[in-house]
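Scroll down for the structure; my scribbles are underneath it.
The values are calculated or read from the model by the stated rules, or taken from the named source; none is laboratory data. Bear in mind the structure is a predicted one, so any value in this text is a computation, not a measurement. Quick reminder, even Gly has a Cβ in these numbers, built from the backbone with ideal geometry, and neighbours come from all protein chains shown. Calculation scope for accessible area: heavy atoms of the full protein, side chains included, ligands and nucleic acids excluded. Shrake-Rupley method; radii C 1.70, N 1.55, O 1.52, S 1.80 Å.
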Amino acid sequence: MGIFNDTYHQQTLARVGTEASQAKSQVQELEREVLYMSRRVERLSIACQALWEILRERATLSEDDIQGKMLEIDLRDGELDGKMTRHPVRCAACGRMSNSARTNCLFCGSELPKENLFE
């Protein structure tokens, strides 16, 4: 009976070790993704601030103007949620529908049109 217990425990330890290794890899991948997203948010924040300062200087716009436009954009999907909702877009090359979150058509690989500078 002892040999069976030893074999069972060794198999369990091997399985747990494999699962731990897989979990570690997943955590490392998520850490890389969070770092990428953080850098992207920082870059977009700098771009937005630069654009705002240029507009304020050259077009005499106010904080109220930009906040009003932000509200308008947020409400385009009918919901005040601080998000720009993705939606279907038609590929100019093959005519099939794809999601605006994609950069290339899923069917033919052609580049999909960008709706704004920050996509």
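Take the eigenvalues of the Cα gyration tensor for the chain, scale each by 5, and report the square roots as semi-axes in whole Å, largest first.
They are 48, 23, 14 Å, listed largest first.
Select from the stretch 53-87 those trypsin sites (Lys or Arg not before Pro) which occupy a DSSP coil region and have at most 16 other Cβ atoms within 10 Å, ordered by residue number.
Here the trypsin sites (Lys or Arg not before Pro) that fit, given the DSSP loop and packing criteria, are 83, 86.
Could you give the accessible area per residue of the chain, probe 1.4 Å, as a whole number in Å²?
Heavy-atom accessible area per residue stands at 84 Å².
Express the carbon and sulfur contribution to the solvent-accessible surface of the chain as a percent, rounded to the nearest whole number, probe 1.4 angstrom.
So the carbon and sulfur contribution to the accessible surface is 57 percent.
Once amide H atoms are built 1.01 Å from N in the peptide plane, which residues 5 or more positions from residue 89, or in another chain, come under 5 Å H to H?
98, 99, 100
When we measure straight from the Cα of residue 114, which lysines land under 18 angstrom away, once same-chain ones fewer than 8 places off are left out?
83
Please calculate the 1.4 Å probe accessible area of residue 7, with all protein chains present, and give it to the nearest 10 Å².
Solvent-accessible area, nearest 10 Å²: 60 Å².
What is the dipole size for the stretch 51-119, taken about its Cα centre, with +1 at each Lys and Arg Cβ and -1 at each Asp and Glu Cβ, in debye to the nearest 20?
Computed charge dipole of the stretch 51-119: roughly 540 debye.
Let me know the charge dipole size of the chain about its Cα centre in debye, to the nearest 20, where only the beta-carbon of Lys, Arg (+1) and Asp, Glu (-1) is charged. Present the calculation step by step, with values, prior to reporting the outcome.
Details: 16 positive and 19 negative charges, 108 e Å.
I would put it at about 520 debye.
Taking R0 as 22 Å, what FRET efficiency do you get between residue 29 and residue 104 from their Cβ-Cβ distance, rounded to the nearest 0.05? Please list the in-between numbers first.
On the way: r = 22 Å, r/R0 = 1.02.
Here the calculated transfer efficiency is 0.45.
Need one value: the accessible area of residue 19 in square angstrom, 1.4 angstrom probe, rounded to the nearest 10.
Surface open to solvent at residue 19 totals about 90 Å².
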